[in-house]
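Just below is one structure, and these are the notes that go with it.
The values are calculated or read from the model by the stated rules, or taken from the named source; none is laboratory data. Keep in mind that this is a model prediction, so the values were computed, not measured. Cβ placement follows ideal geometry from the backbone for every residue including glycine, while neighbour counts extend to all protein chains displayed. For the accessible areas, the whole protein counts, side chains as well, though only heavy atoms, and no ligand, DNA or RNA atoms are used. Shrake-Rupley method; radii C 1.70, N 1.55, O 1.52, S 1.80 Å.
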Amino acid sequence: MTEVNRRRFLQLAGGTAAFTALSESIAKAAAIPAGHHRGTIEDVEHVVVLMQENRSFDHYFGALRGVRGFGDPHPVALDNGKSVWHQSDGTKDLLPFRPEADDLGMQFLEGLPHSWPDGHAAYNGGKYDKWVPAKGATTMAYLTREDIPFHYALADTFTVCDAYHCSFIGSTDPNRYYMWTGFTGNDGKGGGPVLGNDEAGYDWTTYPERLEKAGISWKIYQDIGDGLDAAGSWGWIQDAYRGNYGDNSLLYFNKYRNAKAGDPLYDKARTGTDARKGEGYFDGLRADVLGGRLPQVSWITAPEAFSEHSNWPSNYGAWYISQVLEALTADPKVWAKTALFITYDENDGFFDHLVPPLPPRSAEQGKSTVDVGPDLFAGSPTHVAGPYGLGPRVPMLVVSPWSKGGYVCSETLDHTSIVRFLERRFGVEEPNISPWRRAICGDLTSAFDFSRKDSRPAGLPDTDAYEPQDNDRHPDYKPTPPANPRLPRQERGLRPARPLRYAPLVDGSADAKAGKFTLTFASGKKAGASFHVTSGNRTDGPWTYTTEAGKSVSDTWNSANSNGSDGSYDLTVHGPNGFVRVFKGPGKAAGPEVTARHDGDDVELAFTNKGTRTVGLRLTSGYGGRPRSFKVRPGATVRHTVDLRASRRWYDLTVTSDADGSFLRRFAGHVENGRVGVSDPAIATA
C-alpha cells in the first residue's frame, strides 16, 4: 500500500464524519437515475463483479431486517429434533453468538477451516449437524448493523439476495472457477476437477475467452503486486496491502500464464495498478470510467487486507467497496447503465442455517428430473465422495440504478448465476454450467426491475466511528462463546421483496394397506426447484429432490416400522423462499388428505377423506385469524380458499383431525403473482 493510500485510509477510517464519507458513496450511487431506454436488460451496458472473501450470509446478515436470517420461522430440524441453530460440540449446544469485542467490525477475527474435507464433515451427508466439530466454535459468530454499518447501508439502499449460495463446498479457487468458467473442471479434463487451492495450471476454456471470441470487451481490475513468480503464483505477496491475494484465479490457467504482452489474455488479465510506484488501487478503474473505456464486463480483485478474508477486518473491505463505488460513479452517465455485483467466494468456516440445495447422491437419497452426474464427485484417496455443491449462503448485494429501494431477492442463486446474467445480456453461452444448476439456480435478473421508473432510495442508517489499529498483520482474535447461548433476535420490520417465478407444490398420498407414504414434488411451470426432506422418526434421511420447471417427481417411504419409524410417517419438506410442507400420520390407517394450490393471490385447500367414517378437520393459521372447522364424509372432497390479503400473500396453515391425534398437515410459503411483495411477516415478529 502506498503511503498516500495509507494516509487516505486512516483518514477515512478515523471517525464518524470520515465514515459518513464512506456512506456518501452509497448516497451518490443511489441518487443517479437509471438509464431507461428499452426497459429491459439491454439497458445494462456494463457489468462489474467484485468478489470478496470468506463470509457466510448469517455471519454478516443474519440479523438484518426482512431477510431469512435468525428470525426464520421454519428452520430445518436436526435428527435429534432440535432446530439447525443448535450445533453441538459433542457435549453442549452452541447457537449463533456476537463476540464481545469492542469495535467488532475492525477486529482481526480468526479464520476457520474451509476445505473440502471439513466442509463435507460439517454437512454430514446433508444432516448439517457437525459444524462445530468440523470448523470450531467461532463458526457460530456473527456481526450486526453496529459492527458493519456500511454493508447494512448497501442492503438497505439497493438489493440483497438471501438465497445466494457459493457454488462449491470448500475453498476459494474452485468457487472462483465456477464464477469464471461455470464449473471446477468437473469433467476431469484440462486438469480438473480441482477441489482445493492447488493452482497447478489448467487448460479448460474460461468465460473471458468466450467473451473475447464474441467481441465483448472485458478486463480484470487489480493491483499487480510483484507479478507472476517462477512457481506460477501471481500477486499474493507478504505486503497485504499490495497485489490481488491470488484471487484472480484466471491466472492459474496456462493460457493466461503463458500469454505475452499484446495478447488480450495478458493485457486484460495480467495488468493493473502498481502500488510500488505510488499508483492508487482505483486509478485505472476511475480513468476508464471517465475516459469512456469501462468494458462491458469487468471483475475486481482486492489486496489481501481489503478482501474481508479473516483475519482481516470487515470494515477494511467497507472502505475498499466505497472506493469502487466512488470510481464507478465518477461519471454519472456511465453509472446510469452499470450493474455492480458484490459477493463472496465462500463462507470460510462461518455457519449458515439454510441447508443448501444438493443433488441426490443416489436413488436411496432422492431423485431428480435432470441429470445430476456432473455435480457429484466420485471420491478419491484424498477426498471423500460427495456433491460439489451448492455451498452455504454467502452475501450478494446487487448495486445498480435498477435495484434501488432496499429490496430482498429470494430466488435460489449461486456463482454460475453471474455467468448466466452475462449470458442473458451479451448472448455468450457457457457450456460448462451443469443441467442441474441451470434447473435450480436463477440468472440474477430477478434482482432487477428494468421496467419501473427510478425508485426512491431508502434512507441511510446512522453509522458508528471506527479506527484501524495500524496497517500490520495481527494475531487472531478468538472469541469465547457465551456460557448460556440463546438464539439472537433479528431486526424487526419488513423489506420489499422482488417477485419470483416459483409455484411449488408437494402432495402426500398414504397407501394404508401397504403401509407406505408417497410424496410428489413439482416446482411450477416457470422455475425449477430443489426440495430438502427430513424425517422426525427415521434415521436414514435426509433426502433431496430436484424438479425442472414444468416437471414433477415422486418417491415413496415405507412407514411400517423400518429405519426407526414406529409404523407412522413424519416427513418435512423445505423448498425455496420459505416453502414448507409437513406430513404426519398413522402408517396403516386410511384417513384424510389435504392438498394446497396457489390460486391467484390466495391458497386453495382440498380436504379429501379416504377413510370409512366422517372426520372433522381443524384449520389454523400462523398469521392469525379464527380457526375453521370442516366435516368431510367418506369419499368426499371439501374445498376452501384462504384469503391471504392480511398476510400479504404469505401463509402458514396447519390442519389436524379429530379422528387421529397423530395426523397433521402444514403448509407454509408465499404466493407469487408477478408483483412486488414484502418479506415474510413471521420473520419480523420472531
### Task
Could you list all residues from region 252-299 that are in contact with a Gly (Cβ under 7 Å, 6 or more places away or on another chain), more than 26 Å from Pro313 (Cα to Cα) and open to solvent by 10 Å² or more (accessible area, probe 1.4 Å)?
Asn254, Arg257
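Conditions (1) charged (D, E, K, R); (2) without any contact (Cβ under 8 Å) to a residue 40 or more places away in the chain; (3) under 22 Å from Pro504 (Cα atoms), marked per residue:
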| residue | (1), (2), (3) |
| --- | --- |
| Val632 | no, no, no |
| Leu644 | no, no, yes |
| Asp652 | yes, no, yes |
| Gly661 | no, yes, no |
| Ala668 | no, no, yes |
### Query
Phe517 fails exactly one of the following numbered conditions: (1) of a type outside the set (A, V, I, L, M); (2) in a loop (DSSP other than H, G, I, E, B); (3) over 19 Å from Phe579 (Cα atoms). What is the number of that condition?
(2)
### Task
Check every one of the strands (runs of 3 or more DSSP E) wholly within region 523-593 and list those with 2 or more residues that are farther than 23 Å from Trp650 by Cβ.
543-547, 552-558, 568-574, 580-586
## Note on the structure
Only unsatisfied item for Cys409, checking (1) modelled with pLDDT of 95 or more; (2) over 21 Å from Ser56 (Cα atoms), is (2)
### Query
Which residue pairs have Cβ atoms under 6 Å apart, sit 6 or more places apart or on different chains, and have a first residue in region 384-402 that is touching a residue at least 24 places away in the same chain (Cβ under 8 Å) and among the charged types (D, E, K, R) and a second that is open to solvent by less than 10 Å² (accessible area, probe 1.4 Å) and in a loop (DSSP other than H, G, I, E, B)?
Arg393/Asp352
### Message
Residues that are of a type outside the set (Lys, Arg), touching a helix residue (DSSP H, G or I) at 6+ places or on another chain (Cβ under 9 Å) and either within 30 Å of Leu285 (Cα to Cα) or assigned to a helix (DSSP H, G or I) (or both): does region 93-104 have at least one?
### Response
yes
### Message
Quick test for you: out of Ala503, Ala483, pick the one residue that is among the hydrophobic types (A, V, I, L, M, F, W, C) and buried (at least 16 other Cβ atoms within 10 Å of the Cβ).
### Response
Ala503
### Query
Which one is most open to solvent (accessible area, probe 1.4 Å) among residues in region 56-91 that are at pLDDT below 95 and not acidic (Asp, Glu)?
Thr91
### Task
Could you figure out which of (1) at pLDDT below 95; (2) open to solvent by less than 30 Å² (accessible area, probe 1.4 Å) isn't true of Leu112?
(1)
### Task
Name every residue in region 233-285 that is assigned to a loop (DSSP other than H, G, I, E, B) and aromatic (Phe, Trp, Tyr), in order of residue number.
Trp236, Tyr241, Tyr245, Tyr281, Phe282
### Message
Looking at Gly243, Gly182 in this structure, which one is touching a helix residue (DSSP H, G or I) at 6+ places or on another chain (Cβ under 9 Å) and under 30 Å from Arg68 (Cβ atoms)?
### Response
Gly182
### Query
Could you list, in sequence order, the residues of region 220-251 that are at negative phi, crowded, with 22+ Cβ neighbours inside 10 Å and at pLDDT below 75?
Trp234
### Task
Kindly establish whether Lys28 is farther than 28 Å from Asp247 by Cα and without any contact (Cβ under 8 Å) to a residue 60 or more places away in the chain.
no
### Query
Hey, any hits in region 167-175 for a residue that's among the polar types (S, T, N, Q), surrounded by 24 or more Cβ atoms within 10 Å (Cβ to Cβ), over 24 Å from Trp204 (Cβ atoms) and within 18 Å of the chain's Cα centre (by Cα)?
no
### Members of region 148-166 found to be within 18 Å of the chain's Cα centre (by Cα) and assigned to a helix (DSSP H, G or I), listed by number
His151, Tyr152, Leu154, Ala155, Asp156
### Query
Among the residues of region 509-549, which ones are touching a strand residue (DSSP E or B) at 6+ places or on another chain (Cβ under 8 Å), at pLDDT below 95 and more than 18 Å from Asp570 (Cα to Cα)?
Ser523, Gly524
